[in-house]
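Just below is one structure, and these are the notes that go with it.
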């Protein structure tokens, strides 16, 4: 990725637009002539989010990775306005003809028929409710766009009607808005909720994941969900070597105090275009620590910035990665976050009624 112009973009994680690996032509904005003209530069500093209709005719995505605990997922949005500089989902936007940088967080594909499509899928005779369906298998289902489009809420309404087992992972406290749906799902052992807390440092969060909820808001959401009887798993994800790894004990303690019952973690991983995006972010925001951060990432990745092997790509390898794992395990036990979440009950599933009101004979 071309070195970004310092501080051009406000409120975004990426500092530029890396070339799309599937496209032959790449355009770079030339902002050098605006360097000394704040008035001309001002419009370039803010990029508005654009929303596009995703006309997909199916909603269930299948997964074959042993690194995640589900085979099916629903993603109401493609791209994510949260703008996390480390997001592993960024390269997926390249398949749409966009770039993995600013396009990923400013050009969002919206599946307006998500609930309708899910209702159709769950009504098929071939679906018996025996599989968990994950929400946020790729991009965050509670990203800021959800406040307006309410697609995730519509999907959860179908899940509750069908008594379909589901799981949610998000970085946004907005999920507490849907407590009226989450609580009855949890009561029937149909739901697993994971809330990701990357850091407790407000300043780090503001630049690393600029449009997620604040650390304080995430903890408040855990507290609210737990008080309503919804078991919450906290994900310390990702752990960034040299930047957030020292926070692991404090994050786990704060999550436990808020009522979380279990915890997991993922080590930072930087596939494809995420590498230059994240390193550029580190250079712009922590120039004095950038070399240390990169060096420690390589220590956990056998000298590389990313490992593709299943299993190791989530945890890393080498002494430093093992130290992180041991520290995490120690404090999980200390704060009693090693409790198992309730087992799901798949026996309650019933096909949802079609929107036409017509019920199936078979």
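The table that follows gives values for the structure above.
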quantity: Matching residues, region 271-288, being modelled with pLDDT of 95 or more and part of a loop (DSSP other than H, G, I, E, B); calculated: 286, 287, 288
quantity: Top-ranked residue in region 307-322 [being exposed (fewer than 13 other Cβ atoms within 10 Å of the Cβ) and free of Cβ contacts under 8 Å to residues at least 24 places away in the same chain; ranked as farthest from residue 185 (Cα to Cα)]; calculated: 319
quantity: Subset of region 64-76 (residues that are in contact with a helix residue (DSSP H, G or I) (Cβ under 7 Å, 6 or more places away or on another chain) and modelled with pLDDT of 95 or more); calculated: 74, 76
quantity: Search result, residues across region 329-350 that are part of a helix (DSSP H, G or I), out of contact with any strand residue (DSSP E or B) (no Cβ under 7 Å at 6 or more places or on another chain) and under 17 Å from residue 251 (Cα atoms); calculated: 329, 330, 331, 333, 334
quantity: Residue in region 91-98 that is in contact (Cβ under 8 Å) with a residue 40 or more places away in the chain and assigned to a loop (DSSP other than H, G, I, E, B) present; calculated: yes
quantity: Some residue of region 249-265 being buried (at least 18 other Cβ atoms within 10 Å of the Cβ) and within 18 Å of residue 313 (Cα to Cα); calculated: yes
quantity: So residue 87, is it under 22 Å from residue 18 (Cα atoms) and either modelled with pLDDT of 95 or more or surrounded by fewer than 17 Cβ atoms within 10 Å (Cβ to Cβ) (or both); calculated: yes
quantity: Yes/no for residue 304 being surrounded by fewer than 18 Cβ atoms within 10 Å (Cβ to Cβ), touching a helix residue (DSSP H, G or I) at 6+ places or on another chain (Cβ under 7 Å) and within 20 Å of residue 231 (Cα to Cα); calculated: no
quantity: Residue that is surrounded by the most Cβ atoms within 10 Å (Cβ to Cβ), among those in region 266-280 that are over 19 Å from residue 171 (Cα atoms) and within 18 Å of the chain's Cα centre (by Cα); calculated: 277
quantity: Top-ranked residue of region 110-143 - restricted to ones that are surrounded by fewer than 20 Cβ atoms within 10 Å (Cβ to Cβ), closer than 15 Å to residue 76 by Cβ and in contact with a helix residue (DSSP H, G or I) (Cβ under 8 Å, 6 or more places away or on another chain), ranked as modelled with the lowest pLDDT; calculated: 138
quantity: The lone exception for residue 326 - which of (1) closer than 29 Å to residue 105 by Cβ; (2) part of a helix (DSSP H, G or I); (3) without any contact (Cβ under 8 Å) to a residue 60 or more places away in the chain it fails; calculated: (1)
quantity: Elements of type strands (runs of 3 or more DSSP E) in region 165-252, at least 3 residues being within 29 Å of residue 133 (Cβ to Cβ) and in contact with a helix residue (DSSP H, G or I) (Cβ under 7 Å, 6 or more places away or on another chain); calculated: 191-196, 232-239
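The values are calculated or read from the model by the stated rules, or taken from the named source; none is laboratory data. All figures in this text were calculated on a predicted structure; none of them were measured in a lab. Cβ atoms come from the backbone with ideal geometry, glycine included; neighbour counts cover every protein chain shown.
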